[in-house]
Amino acid sequence: MHNLYSITGYPDPPGTMEEEEEDDDYENSTPPYKDLPPKPGTMEEEEEDDDYENSTPPYKDLPPKPGTMEEEEEDDDYENSTPPYKDLPPKPGSSAPPRPPRAAKETEKPPLPCKPRNMTGLDLAAVTCPPPQLAVNLEPSPLQPSLAATPVPWLNQRSGGPGCCQKRWMVYLCLLVVTSLFLGCLGLTVTLIKYQELMEELRMLSFQQMTWRTNMTGMAGLAGLKHDIARVRADTNQSLVELWGLLDCRRITCPEGWLPFEGKCYYFSPSTKSWDEARMFCQENYSHLVIINSFAEHNFVAKAHGSPRVYWLGLNDRAQEGDWRWLDGSPVTLSFWEPEEPNNIHDEDCATMNKGGTWNDLSCYKTTYWICERKCSC
């Protein structure tokens, strides 16, 4: 009877304490029947090891299985062993409490593969070994931490996951686009303002340049126009003088204030002018500054003025210094110059007649009296 209990794995009945040494071979005995209670100290390990074969291998850095630090080498073949019988009925009349686990022995070897023995004379239930489980259990093992429960540093509750990060990047991108558009519009506005200012300044400069050109052209044109008017007037007066000389007039008369002499009229001015102004006055009155071609004419003019005044003559050397010519272009045939005259001391290019009828050179810009000459009118 004692051998049966020791073989089946039941605890020893009362009074068998002396056979404690025979139970040392308990680890090599046949696994218990289904309804037999497990050996004390192995209840928790059997439940934990039931699904150990189908569990996912742990990561490299996970701690080893509790209570199996010393059994790592012995449990290498644990996956190929046959699971023990379960649910064996308890032995009749054995109501003794289970033996407490030994303090000196903390490790348990897995049971050997199920192998029935020849137990003649025992009415025991048929022992069956469960088929090996080939399917992979995808449920998380209590020995292996779940992958979903492993915290990831960059996925916390505040970040909200990849979706929240993507939204944040979209917000940054929108802000960048809006800022770029604003800066572009601002730069374009400043450029347009500068362009308008430059165009306005260019228009002002163009207007000033046009005004300056107009003024310069107007002044040059006015000077040319005055010169043309003077030339036309001189030609007209000369034509009139020649025309009057050709006409056969029955009665020769002179204008009021003019003195006649040999078919000509002479005007002695009561005021003073420059040589150019005196010439212009004579032309306006259809005459010219006096031209002396004979001694008689020279004597008439010298006696007629009868005063100590100095009068302009129609004689000058402006074209060439020292080459004195009358206004009609004829050279000087008679000379009545004072001694050491003309001397051209102060740019003296115009001739005058003094009180005694002598000639002297004088600056054309000085003012003095003048004598006009014209032919008599009919």
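The values are calculated or read from the model by the stated rules, or taken from the named source; none is laboratory data. Being a predicted model, the structure only gives us computed values, none of them experimental. Neighbour counts are summed over all protein chains in view; Cβ atoms, including those assigned to glycine, are modelled from backbone coordinates with ideal geometry.
Scanning segment 232-264 for residues that are more than 26 Å from Lys303 (Cβ to Cβ), modelled with pLDDT under 75 and of a type in the set (A, V, I, L, M, F, W, C) turns up Leu243, Leu246, Leu247, Cys249.
Being farther than 19 Å from Lys303 by Cβ, in a strand (DSSP E or B) and assigned by TED's automatic domain parsing to the domain that holds Arg309 is not true of Asp347.
Inspection of segment 216-229 identifies no residue that is under 30 Å from Lys366 (Cα atoms) and either part of a loop (DSSP other than H, G, I, E, B) or touching a Phe, Trp or Tyr at 6+ places or on another chain (Cβ under 8 Å) (or both).
Just one of the listed residues (Gln238, Gln283) is in the same structural domain as Arg309 (by TED's automatic domain parsing) and in a helix (DSSP H, G or I), and it is Gln283.
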